[in-house]
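Report on the structure given below.
The values are calculated or read from the model by the stated rules, or taken from the named source; none is laboratory data. These figures come from a predicted structure and were not determined experimentally. In this analysis, Cβ positions are derived from the backbone assuming ideal geometry, glycine residues included, and neighbour counts consider all displayed protein chains. Each accessible area value is taken on the protein alone, full model and side chains, heavy atoms only, with ligands, DNA and RNA left out. Shrake-Rupley method; radii C 1.70, N 1.55, O 1.52, S 1.80 Å.
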Amino acid sequence: MHHKKKKKAPTIITTTTITIGSQKKKKAPTTTTITIITTTTKTTTITITTTTMSGRKKVLFVVTSHDQLGNTGKQTGWYLPEAAHPYELLKRKCDIQVVSPKGGKTPLDASSLNDWSKDADCQEFLKEDVKAFENSKTIDQVNPAEYSAIIFPGGHGTMWDFADNEPIAKAAAQIYENGGVVAAVCHGPAALVNIKLSNREHLIKGKRVTGFSNEEEEAVGLAKVVPFLLEDALKSRGANFSNGAKWQNYVVVDGRLVTGQNPASSKVLGQEIDKLLG
C-alpha cells in the first residue's frame, strides 16, 4: 500500500507592506496598501488595497445635565438655538459626538422650544438631530485626541455643572493644545472658567472673550438665582471680557477660542468655528 505524502503548505519567507497616502483637492483622501508575500515555492503574491477615508473632522458638543433653575422650582437645561445653529452647520462636514456631565438623556430648556418655534434650523434640528442629545456619552467614554473642536452650548443649567467639571476641563485643554478649537456661547463659557493648560495658566487668561453679560442676567431676573455671575467669573480668570447690546449677536474670536454672548450669537459662532476647521 502506498501512502501519498501530504504536501506541505509553503512557508512564507518575506512579507512587505507599503502604504501610500494620497489627497486630492475636493476629493476624500485615500490610502493604498500593497502587500508582497514571497514563499518557499517561489510564489509571489501581490495584494493591492485602496481605502477611501472620510476626511471628516470630529467635533464634541458638551451640554448640561442640570435641569433645575436654582430654588425657583422652574425647569432649565441647554438652550435650543445654541446647540441647533452650530450643529446644523457643522454636521455637513463633521462627525459630531454629544457628551454631558452625567451622560444619557440631556435636558432641553422647555422655554426655548416656544421662543424658537419659527426658526428653520431649530425645527430641522428637532426633527433630525435632537436624538443625539437624548443619548449622550460621558467625557470618559470618548478620546479627546480624536477631536478637532469642543463646543459648549449654553442654557442656565450649565451654571451648575460646567465650571467645576474637571474631566471636561481637561478634555478641552487637550483639544486646544493639540491645535483644536474651543468654543462656547451664552452661559456655555461657564466651562471655560477653570480650564487650565499644561503651563498651569487658565486658558482664557489674557484672551478676548464674551458670554452672557451681567446686564442680561439682571434683565432676566436671575442674577441672584445663578451660583455666580458669568461675566465676573471670566474676568476673575484674567480674561479680557467684552459684550454688545442685550440680546444682539456678538461673537469674539481670539485665535482658536470662539465665544458668543447670547442665543442670537449662535449662528455666527457656528460660522466662525467652521472657518477655523477649514
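Below, the figures for the structure above:
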quantity: By accessible area with a 1.4 Å probe, ligands and nucleic acids excluded, highest first: order of 277, 113; calculated: 113, 277
quantity: Accessible-area value, residue 209, 1.4 Å probe, nucleic acids and ligands omitted, Å²; calculated: 0 Å²
quantity: Within region 105-182, chymotrypsin sites (Phe, Trp or Tyr not before Pro) in DSSP loop having at most 14 other beta-carbon neighbours inside 10 Å; calculated: none
quantity: In region 161-245, the trypsin sites (Lys or Arg not before Pro) that fall in loop regions by DSSP, at most 10 other Cβ within 10 Å; calculated: 200, 224
quantity: Probe 1.4 Å, protein heavy atoms only - accessible area per residue of region 129-278 in square angstrom; calculated: 41 Å²
quantity: Summed residue charge, Cβ within 15 Å of residue 91's Cβ, Lys/Arg positive, Asp/Glu negative; calculated: +1
quantity: Net charge of Cβ neighbours under 13 Å - reference residue 161; Lys, Arg +1; Asp, Glu -1; calculated: -2
quantity: 87, 250, reordered so the largest accessible area comes first (probe 1.4 Å); calculated: 250, 87
quantity: Solvent accessible area, Å² - residue 215, 1.4 Å probe, full protein context; calculated: 100 Å²
quantity: Nearest-10 value in Å² for the accessible area of residue 168, using the 1.4 Å probe; calculated: 10 Å²
quantity: Net charge over other residues, Cβ less than 13 angstrom from the Cβ of residue 257 (K, R count +1; D, E count -1); calculated: +2
